[in-house]
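Here the structure comes first, spelled out in structure tokens, and everything after it is commentary.
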Amino acid sequence: MDGLHGKTLMSRVLEGIRVLDFGRYIAGPYCGTLLGDMGAEVIRIEKIDGSEDRFLSPLTEKGDGALFMQLARNKLGLTLNPMKPQGREIVRKLVATADVVIANLPPDTLLAMGLDYDSLKAIKPNIILTMISAFGRGGPYSNRVGFDGLGQAMSGAMYMSGTPDQPVRAYPPFIDFGTASLAAFGTMTALFQRQKTGKGQIVEGSLFNTALTMMNGTAIEQSVIKRDRVATLNRSQTSAPADTFRTKDGWVLVQSVGGPLFKRWADLMGETHWLDDPRFKDDISRGDNGELISERLAQWCAERNTEEVLQAMEEARLPAGPVLSPQEVLDDPHIAAKGLFQSIEYPGLDSPAPLMSTPVELSETPGEIRHRPPTLGEHTDQIMAELGYSESEIAELRENRVV
């Protein structure tokens with residue numbers, strides 16, 4: 001038995017798969033995290049002094065960050081400089097033992113590091129290369145670098161958030177995490193195909209592809225009927241009531257779609273006239289005239305505290321929830337009851353880090369957090385020894401800052 005929940009080794013779908021994670025920040029690393037949760041052995045390869053994403057939102061005296069806690073779990077830590085000749089040789093030896101290479105790096109950098117597909121395939125013919133970039137290969141933006149915000153900005157997402165006077169980028173990097181999830185899906189598909197054919201392939205994800213996917217419905221509508229929509233802050237434009245509302249002691253979000261829910265809302269207000277008004281005859285009409293519905297519900301919510309609003313909404317079976325602060329999220333009873341956050345100790349942390357468990361839940365072969373993130377280069381000696389390097393050779397490579 002092993003792991004926080006005592007699962008057997010047999011429950012790990014990707015047991016025996018080795019992944020080399022050259023990823024940085026979120027899209028590459030979280031792809032590796034998901035594969036690691038499902039049982040793959042994932043080696044995080046970072047710069048000698050630590051890659052930049054290790055130190056975002058620092059928590060320890062050494063600077064290990066909050067995002068690193070989430071994204072580096074279940075991984076072995078290896079420090080390496082692949083740009084030096086001896087480093088390139090180590091990469092070659094690693095690739096020979098691997099099934100998947102993850103790299104969210106520009107194509108020219110991949111080539112310089114020997115991580116382009118042709119180089120990898122020459123070492124391991126059935127290797128799978130999972131490439132993640134801002135815009136993907138082909139097209140005029142191919143060599144541009146970018147983060148999550150660019151995907152939000154260039155897909156219409158920011159334009160349709162906030163107000164016409166102030167576009168708004170969402171705080172969570174959902175394009176990054178979405179790209180990582182799609183890349184993990186692609187990698188699993190490639191592994192499945194390799195089982196059937198014995199052949200590897202390139203899996204390519206990009207932030208722009210993910211963002212365009214998430215905004216595709218809006219683009220389709222614009223192309224076909226030229227709605228020329230502009231942002232309306234939190235108010236939905238395709239149904240109502242769907243908006244955020246201030247209560248006596250906080251904020252709630254109410255989200256309604258469909259005639260039955262609209263009737264429940266009218267009944268809750270005690271005002272059946274909404275149902276007879278042609279301006280509110282269907283979802284799109286209610287969205288077009290949603291400001292009127294939001295004004296009425298805002299008045300109703302303002303007269304009640306959050307608990308009263310949510311209780312009334314639940315009794316009416318209308319989807320609603322509180323707008324929670326990060327601390328309130330930590331205190332949420334549903335999260336506690338389901339055990340969604342797992343407390344993980346880490347050297348230098350004053351208290352355990354609450355790591356969100358694998359977000360997709362499988363009944364027979366669930367993902368699991370088996371061990372904490374690695375300290376900088378924690379498993380370098382172990383991995384190098386597996387590759388055939390002696391203690392003296394490892395010491396010399398370390399002295400020359402190859403590892």
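The values are calculated or read from the model by the stated rules, or taken from the named source; none is laboratory data. Bear in mind that the values here come from a model prediction, so they are computed numbers and not experimental data. Using ideal geometry, Cβ is built from the backbone for each residue, glycine included, and neighbour counts are taken over all protein chains shown.
For this structure, a couple of remarks:
- Residue match in segment 187-200 (condition: within 24 Å of PRO164 (Cα to Cα) and of a type in the set (D, E, K, R)): no
- Criterion: crowded, with 24+ Cβ neighbours inside 10 Å, of a type in the set (D, E, K, R) and closer than 24 Å to ALA122 by Cα - qualifying residue of ASP37, ASP21, ASP64: ASP21
- Any chance ARG304 is part of a loop (DSSP other than H, G, I, E, B), out of contact with any Gly (no Cβ under 6 Å at 6 or more places or on another chain), within 28 Å of THR232 (Cβ to Cβ) and not assigned by TED's automatic domain parsing to the domain that holds ARG92: yes
- In segment 240-287, residue surrounded by the most Cβ atoms within 10 Å (Cβ to Cβ) [restricted to those that are farther than 18 Å from ALA302 by Cβ and among the polar types (S, T, N, Q)]: SER256
- Residue in segment 310-327 that is part of a loop (DSSP other than H, G, I, E, B), of a type in the set (Asp, Glu) and out of contact with any Lys or Arg (no Cβ under 9 Å at 6 or more places or on another chain) present: no
- Count of residues meeting criterion [on the phi > 0 side of the Ramachandran plot and either free of Cβ contacts under 8 Å to residues at least 40 places away in the same chain or touching a His at 6+ places or on another chain (Cβ under 6 Å) (or both)] in segment 44-63: 2
- Count of segment 328-349 residues which are under 18 Å from GLU361 (Cα atoms) and in a loop (DSSP other than H, G, I, E, B): 2
- Matching option when the condition is out of contact with any strand residue (DSSP E or B) (no Cβ under 9 Å at 6 or more places or on another chain) and either assigned by TED's automatic domain parsing to the domain that holds ASN209 or among the polar types (S, T, N, Q) (or both), among ARG137, ARG169, ARG144: ARG169
- Single match in GLY114, GLY77, GLY63 (criterion: over 24 Å from ILE344 (Cβ atoms) and not charged (D, E, K, R)): GLY114
- If the condition is being on the phi > 0 side of the Ramachandran plot and touching a helix residue (DSSP H, G or I) at 6+ places or on another chain (Cβ under 6 Å), then segment 19-43 contributes only TYR25.
- Here LEU355 qualifies as within 21 Å of the chain's Cα centre (by Cα), surrounded by 13 or more Cβ atoms within 10 Å (Cβ to Cβ) and among the aliphatic types (A, V, I, L, M).
- Matching residues in segment 18-38 - criterion: being of a type outside the set (Phe, Trp, Tyr), in contact with a strand residue (DSSP E or B) (Cβ under 7 Å, 6 or more places away or on another chain) and not in a helix (DSSP H, G or I): ARG18, VAL19, LEU20, ASP21, GLY23
- Take the conditions (1) basic (Lys, Arg); (2) under 30 Å from GLY32 (Cβ atoms); (3) without any contact (Cβ under 8 Å) to a residue 60 or more places away in the chain; ARG317 misses just one of them, which is (2).
- Within segment 334-384, tally of residues that are in contact with a helix residue (DSSP H, G or I) (Cβ under 7 Å, 6 or more places away or on another chain), hydrophobic (A, V, I, L, M, F, W, C) and farther than 26 Å from ALA184 by Cα: 1
- Considering only residues in segment 9-59 that are hydrophobic (A, V, I, L, M, F, W, C) and modelled with pLDDT under 95, the one that is nearest to GLU378 (Cα to Cα) turns out to be LEU9.
- Filter result for ILE394 (within 18 Å of PRO82 (Cβ to Cβ) and either in the same structural domain as GLU46 (by TED's automatic domain parsing) or not β-branched (Val, Ile, Thr) (or both)): yes
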